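J.: My questions all concern the structure below.
Bear in mind that the values in this text are calculations on the coordinates, not laboratory data. Only a predicted model underlies this, so the values are computations on that prediction, with no experimental measurement involved. Positions of Cβ are backbone-derived with ideal geometry, glycine not excepted, and every protein chain shown enters the neighbour counts.
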Amino acid sequence: MTQNIYDNPDFFAGYSQLGRSIDGLDGAAEWPALRAMLPDISGKSVVDLGCGFGWFCRWAREHGASRVLGLDVSEKMLARAKDATPDQAVSYGRADLEQLDLPAASFDLAYSSLALHYVENLDRLLDTVHRALVPDGHLVFSVEHPIYTAPSNPGWVADLKGHKTWPVDAYSIEGPRRTDWLTKGVIKQHRTIGHYLNALLRHGFAIRHVEEWAPDEAQIAARPELADERQRPPFLLVGAARTG
């Protein structure tokens, strides 16, 4: 079973104070780039894998989706999502992405934001998602960039010019990595970029777009604290489509 760190009281309290938790999609700096990868969802059915507080689920309905299903392993997240969503066309369910089962050919879009790097058996999940999508259905997701999930320590160090750098250790050795973020003992699955892309191809997806996200000058001007994110990409964004 996926580690349910989001129901840890200390983690949940800390996560609830993040900008993306308070301001929703607008608080996620990578959201404009991720949004640009989405297909037209007017009249479409959408599943959000790791829906959290339900921000994307509500956005999808506001932008024309006919029905939206949000899935998450965290009871605390789902409770918050349900409280914030009066729309009957949006439903939520508790699901472990390691053991997910979805009806065949039932969704036009599968979306996931910063959840798949917690999933150990990515192959099983991608196979499930492929079967659940209609022909030419889309999968759009973000994960922590593999450079970010393979640090030699949890913090940054300064180079000779005083710039922040994040040392990378054992990048090619894939598997679980333990980190202390908001609480101790958070487990994330480290994979190379090649692993993600080849897994998609292996399970019948055509890759449409890949982006190693970094903030642009306008974002840095609006939020100067984002400047450090130019030193290494924090997120990997991928758009794919079901084939076959």
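J.: Around Arg20, with a cut-off of 10 angstrom between Cβ atoms, what is the net charge of the other residues, counting Lys and Arg +1 and Asp and Glu -1?
T.: It works out to a net charge of -3.
J.: Mind checking the log10 I(q)/I(0) for region 188-237 at q = 0.19 Å⁻¹? Debye, one equal scatterer per Cα, no solvent, two decimals.
T.: Treating every Cα as an identical point scatterer, log10 I(q)/I(0) equals -0.73.
J.: If the only charges are +1 at each Lys and Arg Cβ and -1 at each Asp and Glu Cβ, what is the size of the charge dipole of the chain around the Cα centre, to the nearest 20 debye?
T.: 180
J.: Relative to the first principal axis of the alpha-carbon coordinates of the chain, what is the inclination of helix 122-132, with its axis defined by its Cα atoms, in degrees from 0 to 90 and to the nearest 10?
T.: 30
J.: Could you count how many Lys pairs in the chain have their Cα atoms under 29 Å apart, skipping same-chain pairs fewer than 8 positions apart?
T.: So the count of such lysine pairs works out to 8.
J.: Another question, if that's okay. When only alpha-carbon atoms are used, what values of Rg and Dmax, in angstrom, describe region 1-123?
T.: Here Rg and the maximum Cα pair distance are 13.9, 39 Å.
J.: Among DSSP beta bridges lying fully in the chain, give the percent that are antiparallel, nearest 5.
T.: Counting DSSP beta bridges with both partners in the chain, the antiparallel share is about 55 percent.
J.: Now for a different question. Return the tail of the calculated pair distribution for the chain, meaning the percent of Cα-Cα pairs more than 35 Å apart.
T.: 10
J.: Report the Cα-based extents of region 93-135 along its three principal axes, largest first, to the nearest Å.
T.: Its Cα atoms span 27, 21, 18 Å along the three principal axes.
J.: So, one more: Give me the number: length gained by fully extending Ala199 to Tyr171, i.e. 0.36 nm times residue separation minus the C-alpha to C-alpha distance, one decimal in nm.
T.: Length difference between fully extended and current span is 8.3 nm.
J.: Compute the distance in nm between two label points, each set 7 Å from the Cα along the Cα-to-Cβ direction, one at Ala13 and one at Asp40.
T.: Label at Ala13, label at Asp40, 4.9 nm between them.
J.: Between Val134 and Lys82, what's the calculated FRET efficiency when r is the beta-carbon distance and R0 is 25 Å? Round to 0.05.
T.: The calculated FRET efficiency here is 0.40.
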